[in-house]
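Everything below concerns the one structure shown next.
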Amino acid sequence: MFTKSDLDKLMEATPPVGVSLFLPTHVRGAETRQGPIRLKNLLAEARNRLGDRGMKAGDIHALLAPATALLDDYPFWQHQNEGLALFLGSGGMHEHRVPLSFDERVAIGPRFHVKPLLPLLAADGAFHVLTITAERVRLFDASRFSMAEVELDDAPEDLAEVMGKADYQNPLQAPPATRPGPGGTTISKSEVLGDSPADWRKDRLVEYVRRIASVLDDRLASDAVPVVLVADAETGGHFARSTTLGPLLAGVIETNPAAMDDTALHEAAYALVEPRFMAGRREAVGRLAALQGSDDARAMAGAEDVARSAQEGRVETLLLAEGASDRDGGATGSDDEAEGSTLDRFDAAAVQTLRHGGDVYIVPADDMPGDTRIAAILRY
């Protein structure tokens, strides 16, 4: 998942020339073959535009080489999400596979172009879906638009891996010296491999889920986005007791995920998390309206003032109208820069709000308080 930490790395990079490439990708099937073709076309466009800027052919080749190497990397294209973003500069390449489909695009300028990724960092932009059965554990990066599975190499593959080769053995099947009763040693059931086959298997199910929770806690805590678990009631209960995700665990869908295809899983998970997203957005809009109604100075509107306050780290919550931009005075520089690498003031406000730990909400234009396209609640 693309995180605020990833955003910081891209914004802190200051390549003399940065190339940002965006393309839609496919998770499976014959359509995965389109990825290399799309990337090849984008690289050809980038070469032409870099050449038009006066860059030497050898320098262009070196700059684009990491992305060019992906064209023949068959395994790479078999493990994709819905969208691929590549950022090429003097420090090498940054790669992000995300659950958001992009329009094909090349942006060139003195900084990387991050705007297409911002919806994933909005307060209602992303979540995770975790499914657990005895046979399989799966993790998905998800947005309201789609989701795609990500690798979980460090988690147990299935319950059998935790159970190992050991079998339940009740006391009457134990060796003669340890059998209860005459001629044998009196031992409690707990000193064998469990009170019963059911208890023995339950212990290992708990351990299986505990191991999964440990891996997921380490992996997802820094993302700070909701997690939806899809599992049967018993497994879901064990996970809820084992995890340290706390409020990030948005809920459990108590069903067998193996009986659902990925589309149904996404629909069910988003239906669970959507009220949480909507509540946060409504609360932000309502709070802003209340502050405006009382002439509280913490309510601010207008691109210039909001962007400046965001740069200063004063914006606690930013509200942007869907589809809004500020090309009338925000972007300056060459044609390439105006196309993407220089942020307009709306995008700059969003980036700086996120980098300073604030929340960003993308709000339907009709729901924005007053007649503004951008507004903020300030910390002070």
Return yes when MET93 is among the aliphatic types (A, V, I, L, M), within 30 Å of MET55 (Cβ to Cβ) and surrounded by fewer than 21 Cβ atoms within 10 Å (Cβ to Cβ) and no when it is not.
-> yes
Quick one: count up the residues across segment 96-113 that are at pLDDT 90 or above, open to solvent by 10 Å² or more (accessible area, probe 1.4 Å) and hydrophobic (A, V, I, L, M, F, W, C).
-> 1
Criterion violated by GLU234 - all others in (1) without any contact (Cβ under 8 Å) to a residue 40 or more places away in the chain; (2) surrounded by 19 or more Cβ atoms within 10 Å (Cβ to Cβ) satisfied = (2)
For segment 278-307, how many residues meet the condition of being in contact with a helix residue (DSSP H, G or I) (Cβ under 9 Å, 6 or more places away or on another chain) and not aliphatic (A, V, I, L, M)?
-> 5
Failed criterion for ALA134 (all others in (1) at pLDDT 90 or above; (2) assigned to a strand (DSSP E or B); (3) not charged (D, E, K, R) hold) = (2)
Scan segment 356-380 and report the pairs whose first residue is within 14 Å of ARG314 (Cβ to Cβ) and at pLDDT 95 or above and whose second residue is open to solvent by 70 Å² or more (accessible area, probe 1.4 Å) and of a type outside the set (A, V, I, L, M), with Cβ atoms within less than 6 Å and a gap of 6+ or a chain change.
-> ILE377/ARG298; LEU378/ARG298
Do you know which of the residues in segment 212-229 that are part of a helix (DSSP H, G or I) and of a type outside the set (Gly, Ala, Ser) is nearest to LEU354 (Cα to Cα)?
-> LEU220
State the number of residues belonging to segment 358-380 that are assigned to a loop (DSSP other than H, G, I, E, B) and touching a helix residue (DSSP H, G or I) at 6+ places or on another chain (Cβ under 8 Å).
-> 5
Taking GLY194 as the residue in question, decide whether it is touching an Asp or Glu at 6+ places or on another chain (Cβ under 8 Å), over 24 Å from THR3 (Cβ atoms), at pLDDT below 90 and open to solvent by less than 60 Å² (accessible area, probe 1.4 Å).
-> yes
So, in segment 114-136, of the ones that are β-branched (Val, Ile, Thr) and crowded, with 24+ Cβ neighbours inside 10 Å, which residue ends up nearest to the chain's Cα centre (by Cα)?
-> VAL129
Just give me the residues in segment 1-59 being farther than 30 Å from HIS356 by Cβ, touching a residue at least 60 places away in the same chain (Cβ under 8 Å), assigned to a helix (DSSP H, G or I) and open to solvent by 70 Å² or more (accessible area, probe 1.4 Å), in sequence order.
-> ASN41, GLU45
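The values are calculated or read from the model by the stated rules, or taken from the named source; none is laboratory data. All values derive from a computational prediction rather than experimental measurement. Note that we place each Cβ from the backbone using ideal geometry, even for glycine, and neighbour counts take in every protein chain shown. These accessible areas exclude ligands, DNA and RNA; they are computed on the full protein's heavy atoms, side chains included. Shrake-Rupley method; radii C 1.70, N 1.55, O 1.52, S 1.80 Å.
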